[in-house]
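Step one of this worksheet: look at the structure below.
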């Protein structure tokens, strides 16, 4: 039987006060994110420290697979996580080049 990949949106909510360990682990988090992006497991990733939110969209066969991947993120231990199966996800595959007036 062939596996079918679904897209899952993960909303990470941060506590109001972030410990120093959170910031120390950010480079390691970025390494995992880069690896998942290059492997096609992660479609996009956005972090807003100002809003205390992190959003990510994963390609996975199940919610359990998503949960297993986010355990690899060292910052997950500091955040509340909500996983949602997406019924539709569209994105611009290759952004149009920006033209310079120079």
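The values are calculated or read from the model by the stated rules, or taken from the named source; none is laboratory data. Just so it is clear, the structure is predicted and the values come from calculations on it, not from any experiment. Glycine also receives a Cβ, built like all others from the backbone with ideal geometry; neighbour counts cover every protein chain displayed.
Among the residues of the stretch 28-87, those identified as out of contact with any helix residue (DSSP H, G or I) (no Cβ under 7 Å at 6 or more places or on another chain), part of a helix (DSSP H, G or I) and touching a residue at least 40 places away in the same chain (Cβ under 8 Å) are 32, 33, 63, 66.
Scanning the stretch 16-25 for residues that are surrounded by fewer than 14 Cβ atoms within 10 Å (Cβ to Cβ) and in a helix (DSSP H, G or I), which turns out farthest from the chain's Cα centre (by Cα)?
So the residue we want is 20.
Selection within the stretch 1-15: residues that are more than 16 Å from residue 75 (Cα to Cα) and part of a loop (DSSP other than H, G, I, E, B). The member of this set that is modelled with the lowest pLDDT is 1.
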